[in-house]
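Notes follow once the structure below has been shown.
The values are calculated or read from the model by the stated rules, or taken from the named source; none is laboratory data. No experiment lies behind these values; they were computed from the predicted model shown. Please note: Cβ atoms are built from the backbone with ideal geometry, for glycine as well, and neighbour counts cover all protein chains shown. Side chains are part of the model used for accessible areas, which takes the heavy atoms of the whole protein and leaves out ligands, DNA and RNA. Shrake-Rupley method; radii C 1.70, N 1.55, O 1.52, S 1.80 Å.
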Amino acid sequence: MDMRYPKEAEAYREKVHAFLGEHLPPGWKGVGALSHEDAARFTADWRTILYENGYLAVSWPKEYGGQALSPVEQVVLAEEFAKAGVPAGGPNDIFGIQMVGNTIIQWGTEEQRRHFLPRILSGADVWCQGYSEPNAGSDLGNLGCRARLDGDEWVIDGQKIWTSGGHVANWIFVLTRTDPAAPKHRGITFLLCPMDQSGVEVRPIRMISGESEFNEVFFTGARTARENVVGEVNGGWAVAMTLLGYERGESAAVLPIRFRTELDRLLALAAQYGSTRDPVIRQRLAWCYSKVEIMRYLGMRALTQFLRGRQPGPDASISKLNWSEYHRVVTELAVDITGLHGLVPFGRKPASAFQADDPGAPNDTASWTTTFLNARAGTIYAGTSQIQRNIIGELVLGLPKEPKADTGPWGEQQRTDASGR
C-alpha cells in the first residue's frame, strides 16, 4: 500500500478545486443541506454543468466523449467531489456511465459505441439494471427471464426485481436466458432493451422507510433489436461479471470519505444529546471510529492496486462486507442516542436509500432514523453478506468450495427442482 499521491495528482486536484470554486454557490455546505426539491433541481443543473465542462465519464476515451483521465486523476476527482458534497452525475449515471457505458466500450461493437455512448452522456438515454429475479438474487446464474429471436428482434418474457431507479429509466440492460439446454452460467445473453414500450411494466416496491426507489420489472413480449446484444449470444455471463467490476470502481475512494463525514455528524449528535458522558456510548463511538479508519486503509490498499493498473477483483468483497455490516451498527447507535426522539422522526429525510445521508445533511431524527432503516438493506443489495463471505473464503483465502448439486443443463435442473426428485 502506498499512501502518497504523485505530484501530477496534486496539480489536477488544484484544477478540480478551481472548477468547484467557480460553479458552486457561495456558502455551499453540501447537497444534503438542500430540501429534496432543491436537491433534485441542483442535481439536474449540476449534471448539465459537468457535461458541458467534461466532468462526466472522465475515464472514457476522448473519441467517445470522455477525457481519458489517468487512474490517479479519476481518484482525485472522486475524492474532491465527495469532500465537496456534490454528486458525480445524475441519479442513474452509475448505471449508464459507470456500468453499461464502460461495458459497451469493452465488449460492444463500434456501432453500439457510436450510438449509445453519446446518448448516455447527454442524458437522452437513462439506464437501469435488470439482473436480480425472485428466484435468482445471490444465485444470479439461476436467472430464468427468457429471450428468443423472432426475425430481427429479440422477444423477452420474464421478471426482474430490485431494479433501482427503474421508474425513471427509459433503457434497461438485462440478463436473459437464451439457451435453457446449457449449464446455468452459460446460455445467458446480455441485452439492451428500451423500456418505453407496452411489453415492459414497472411496479414500484414500497420500502420500510416509505420510499420507493426499487421496482419490479415485468417483460411480456417486450422487443429489442437483434443487434442490441453486448458480447456473444449465450456468452453474457462474462459481460455481466465485467459490469459488476465497474459497479464498485469508485467506492474505495468515496466511501471512506462519506462514512467519516457521517461519523463526524454522529459525534456531534452524541454531544447534542449529552451522550458523550456515557462510558458505554463512548466505547461504541470508539469502535465506530476504528472501523472507519480500517475502511480508509482498505480504500488506500484498493486504490494502490487500481493505480497500478489492477481492476477490482474478488477482494473487493472485503470492502463491501466491511462497510455494509458497519453501517447497520453505526445507525443502530444513532437511534440509541436519539432514544424516544427517534421514534417520531422530525426534519429532512435522506434523498437516497443508499449508504450514508448526503454531506451537509442536518442532524435531525428524520435523517438518522431513515438511514437506520435503509441500512438494513445494505447487507443485501450489491451482494449479500453471506455471498461476500463465500467469495472471500473461496477466491481470496483459497478455501474449498461448497459442493454444488445444480450442474448440467439449466432447463433440466429446473424440472428436477419442480418435481422434487
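Overview of values
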quantity	calculated
Residue in the stretch 335-353 that is open to solvent by 20 Å² or more (accessible area, probe 1.4 Å), in contact with a Lys or Arg (Cβ under 7 Å, 6 or more places away or on another chain) and touching a residue at least 40 places away in the same chain (Cβ under 8 Å) present	no
Residue check for L50: closer than 30 Å to E110 by Cβ and either surrounded by 14 or more Cβ atoms within 10 Å (Cβ to Cβ) or more than 25 Å from the chain's Cα centre (by Cα) (or both)	yes
Scan of the stretch 186-234 for residues that are free of Cβ contacts under 8 Å to residues at least 60 places away in the same chain, open to solvent by 50 Å² or more (accessible area, probe 1.4 Å), within 22 Å of G411 (Cβ to Cβ) and touching a strand residue (DSSP E or B) at 6+ places or on another chain (Cβ under 7 Å), ordered by number	V233, N234
G130 vs. criteria surrounded by 14 or more Cβ atoms within 10 Å (Cβ to Cβ), under 21 Å from the mean Cα position of the chain (by Cα), modelled with pLDDT under 95 and of a type outside the set (S, T, N, Q)	no
Residue match in the stretch 157-170 (condition: open to solvent by less than 20 Å² (accessible area, probe 1.4 Å) and in contact with a Ser or Thr (Cβ under 6 Å, 6 or more places away or on another chain))	no
The lone exception for P183 - which of (1) touching a residue at least 60 places away in the same chain (Cβ under 8 Å); (2) under 29 Å from H115 (Cβ atoms); (3) in contact with a Phe, Trp or Tyr (Cβ under 9 Å, 6 or more places away or on another chain); (4) open to solvent by 30 Å² or more (accessible area, probe 1.4 Å) it fails	(2)
Helices (runs of 4 or more DSSP H) (entirely within the stretch 235-320) containing at least 3 residues that are surrounded by 14 or more Cβ atoms within 10 Å (Cβ to Cβ) and of a type in the set (K, R)	251-272, 279-307
Near pairs, Cβ below 9 angstrom, 6+ apart or cross-chain, from the stretch 131-144 (touching a residue at least 60 places away in the same chain (Cβ under 8 Å) and farther than 16 Å from L244 by Cα) to any residue that is basic (K, R) and in a loop (DSSP other than H, G, I, E, B)	N142/K184
Spans of helices (runs of 4 or more DSSP H) in the stretch 1-110 with at least 3 residues over 30 Å from T189 (Cβ atoms)	7-23, 36-52, 71-84
Answer residue from the stretch 74-109, given it is open to solvent by 50 Å² or more (accessible area, probe 1.4 Å) and not aliphatic (A, V, I, L, M) and is nearest to the chain's Cα centre (by Cα) among those	P91
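Residue-by-condition table, conditions (1) open to solvent by less than 10 Å² (accessible area, probe 1.4 Å); (2) of a type in the set (F, W, Y); (3) more than 30 Å from M241 (Cα to Cα); (4) part of a helix (DSSP H, G or I):
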| position | (1), (2), (3), (4) |
| --- | --- |
| T331 | yes, no, yes, yes |
| P362 | no, no, yes, no |
| T369 | no, no, yes, yes |
| P403 | no, no, no, no |
